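Please read the structure below before turning to the comments.
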Amino acid sequence: MQSIYAVVFLDAIHFKVKQDGAIVNKAAYMVIGIDLDGHKDVLGIWIGENESAKFWLHVLNEPKNRGVQDVLIMSVDNLRGFTEAISACYPKTELQNCVIHQIRNSIKYVSYKDLKKVTAELKPIYKAPTEQAAREELDLFEQAWGSKYPLMVRSWRTNWDEIGTFFKYSPEIRKLIYTTNVIESYHRQLRKVTKGKAVFPTDDALLTMLYLVTMDVLRKWTGRVHNWGQILIQLSVFFEDRVRPHIR
């Protein structure tokens, strides 16, 4: 485990687990880090039933206690209580909410007949060249759909501070951080192995299975992230005092 990570991704995958004679849904939260050499690693897996600032603080403190002292950017779903936890544990870390998750979460308010058009009209917001242009596109979107879907527009405005983080960066960094695709590709590999297991008898049984699959995945992660050289140059400008001491 490294002392600093350029980007850390956190997301969950859900499983059924037996507990107290009942079958309950539990989330396995995975944390993947990309170090300053551009290599990926799984920093930890945690089983939880609910999201809270206290739970996230426990999750974040564990890698910190194991030596992770700094994270430049963290890409997550819009997790309840996470903003408070990251501020307490890594106050300098920039938070990026996954745009794809934001789209999925917000279109649940949209009727099926409008879904295709609404989704298409969201695209100019997150594809805008600057944050100012994105805000203007959001204003136009609200004019078109705000009266019909006010909760959808409110969701984008409420979460904007974390959604809009990526606009300041180059296209290479934007592509890397604005979704949690890095961790979702890892999830797909987990599902290939666990799909035949309908219910896990205990949390420990689930963790053991995930650990064994993860070890196999890590053996295949031998290369660097695409365009890492260009990404590192950009990061060393944005976070000069935090990155340069670690560059060999």
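Here, each number is a calculation from the coordinates, and none is a lab measurement. This structure is a prediction, so every number in the text was calculated from the model and none was measured. Here the Cβ positions follow ideal geometry from the backbone for every residue, glycine too, while neighbour counts run over all protein chains shown.
Take the Cα of Ile247, step 7 Å toward its Cβ, do the same at Asp37, and the gap between the two points is 1.7 nm. A crude spin-label estimate for the pair Lys108 and Gln189, with each label 7 Å from Cα along the Cβ direction, gives 2.9 nm. As a proxy for reagent exposure, Phe167, Phe15 were ordered by neighbouring Cβ count within 10 angstrom, fewest first; the result is Phe167, Phe15. In this simple spin-label model, placing a label point 7 Å from the Cα along the Cα-to-Cβ direction at both Ile100 and Asn181 gives a separation of 0.7 nm. Label zone of Lys117 (point 7 Å out along Cα→Cβ, amide N under 15 Å): in segment 145-181 this covers 145-149. With respect to the cross-link table entries Lys26/Lys54; Lys127/Lys148; Lys18/Lys64, which display a Cα-Cα separation exceeding 26 Å? Lys18/Lys64, as the Cα separations exceed 26 Å there.
Remark: relative contact order (segment 66-215) = 24 percent; criterion is Cα-Cα distance under 8 angstrom and separation of 6 or more residues. The helix-based estimate of mean residue ellipticity at 222 nm for the chain, built from -39,500 (n - 2.57) per DSSP H run of four or more residues and divided by its residue count, is -15000 deg cm²/dmol to the nearest 500.
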